[in-house]
1. Only residues that are outside any strand (DSSP E or B), within 27 Å of residue 55 (Cβ to Cβ) and in contact with a helix residue (DSSP H, G or I) (Cβ under 9 Å, 6 or more places away or on another chain): list them for the stretch 105-140, please.
2. Mind listing whichever residues of the stretch 188-211 are outside any strand (DSSP E or B), within 20 Å of residue 79 (Cβ to Cβ) and either in contact (Cβ under 8 Å) with a residue 60 or more places away in the chain or touching a strand residue (DSSP E or B) at 6+ places or on another chain (Cβ under 7 Å) (or both)?
3. With the structure loaded, tell me whether residue 92 is modelled with pLDDT of 95 or more and part of a helix (DSSP H, G or I) or whether it fails that test.
4. Checking residue 151 against (1) farther than 23 Å from residue 257 by Cβ; (2) hydrophobic (A, V, I, L, M, F, W, C); (3) surrounded by fewer than 24 Cβ atoms within 10 Å (Cβ to Cβ): exactly one of these is not met. Which one?
5. Of everything in the stretch 63-78 that's touching a helix residue (DSSP H, G or I) at 6+ places or on another chain (Cβ under 6 Å) and of a type in the set (Phe, Trp, Tyr), which residue is farthest from residue 113 (Cα to Cα)?
6. Scan the stretch 155-187 for residues that are among the hydroxyl-bearing types (Ser, Thr, Tyr) and part of a loop (DSSP other than H, G, I, E, B) and report the count.
7. Tell me yes or no: at least one residue of the stretch 107-125 is surrounded by fewer than 23 Cβ atoms within 10 Å (Cβ to Cβ), farther than 22 Å from residue 157 by Cβ and in contact with an Asp or Glu (Cβ under 6 Å, 6 or more places away or on another chain).
8. Taking residue 105, is it farther than 25 Å from residue 29 by Cβ, touching a residue at least 24 places away in the same chain (Cβ under 8 Å) and among the aromatic types (Phe, Trp, Tyr)?
Amino acid sequence: MKKNGCPLYIVDAFTDKMFEGNPAAVCLLKRKYADSVLQSVAAEMNLSETAFLLPIEDKPLKESKSFSLRWFTPKLEVPLCGHATLATAAVLFYDLNILADEVNFETKSGILVAVRDKQGILLDFPTDETMAAKPNKALLDAVGIASFEAVRRAKRLKKLLIHVSDESVVRNLKPDFELVKKACIEEGVGGVIVTSRGRPPYDFVSRFFAPCYGINEDPVTGSAHTVLAPYWSKILGKKEMLAYQASARGGKLVVRLRQKSRVNLVGNAVIVSKGELYLK
């Protein structure tokens with residue numbers, strides 16, 4: 001093996017079974033690299049997100065509690081990614097066996113916290129409230145939605161939320177992704193969340209489409225649930241809910257609304273592979 005390789009993992013997040021949930025690459029960096037290098041790595045991985053983790057404390061890795069964390073799709077850097085954060089925490093807790101039960105990530109969305117939880121790994125994220133949005137017929141047609149309960153726009157992440165009447169509508173959607181991409185660009189939104197009430201045991205279900213980010217459909221999307229959690233909490237009158245993202249791979253997570261516009265996302269993750277990335 002070459003020297004100075006960076007540990008590189010593939011982790012399935014928001015699942016307790018290999019080859020389900022949402023796969024992310026996690027790269028443990030030994031120093032800072034140019035954004036162009038990180039983007040090239042993410043394109044090479046060709047997963048919805050690649051997470052880049054860099055220790056920021058002057059102490060052995062096993063004793064570290066604070067890290068810099070960035071996320072890249074194959075096309076661009078994103079300000080927030082739940083499943084790649086969960087995957088990163090799984091690497092720290094399950095493979096590197098760090099001593100801490102809680103770690104802090106410095107990110108473009110502020111300080112994010114990951115904690116060992118009896119139900120898996122708990123992520124502490126900021127919520128994203130929504131505001132009413134005027135329906136765009138071209139976008140609705142591109143996604144394949146004939147009728148809806150509500151259309152709203154996330155204030156911070158600029159995701160569009162479309163609430164439909166039945167779970168079967170969510171599961172059976174077959175979007176035209178080229179038209180979705182065109183309509184999203186015209187609307188100035190980065191992706192589309194389609195959601196409905198869920199069948200027991202799930203409180204709500206969703207799917208997420210983001211062709212503008214180079215991701216036609218994201219299997220399980222933590223950041224989308226920072227939008228979905230406050231939305232469904234108001235409708236259902238609940239602070240804790242069980243959610244299912246109904247992609248082909250599927251994934252589940254617990255969402256817990258907290259004070260001061262925070263939400264806990266709780267899920268499991270499975271490390272699928274480990275290797276080395278040879279960066280100069």
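The values are calculated or read from the model by the stated rules, or taken from the named source; none is laboratory data. Everything quoted here is computed from the prediction, not taken from an experiment. A quick note on method: Cβ atoms are made from the backbone with ideal geometry, for glycine too, and the neighbour counts reach across all protein chains shown.
1. 109, the sole residue that qualifies.
2. 189, 190, listed by residue number.
3. Against the criterion (modelled with pLDDT of 95 or more and part of a helix (DSSP H, G or I)), residue 92 qualifies.
4. So residue 151 meets the others, but not (1).
5. The selected residue is 72.
6. Adding up the residues that qualify gives 1.
7. The answer is yes; a qualifying residue exists.
8. no
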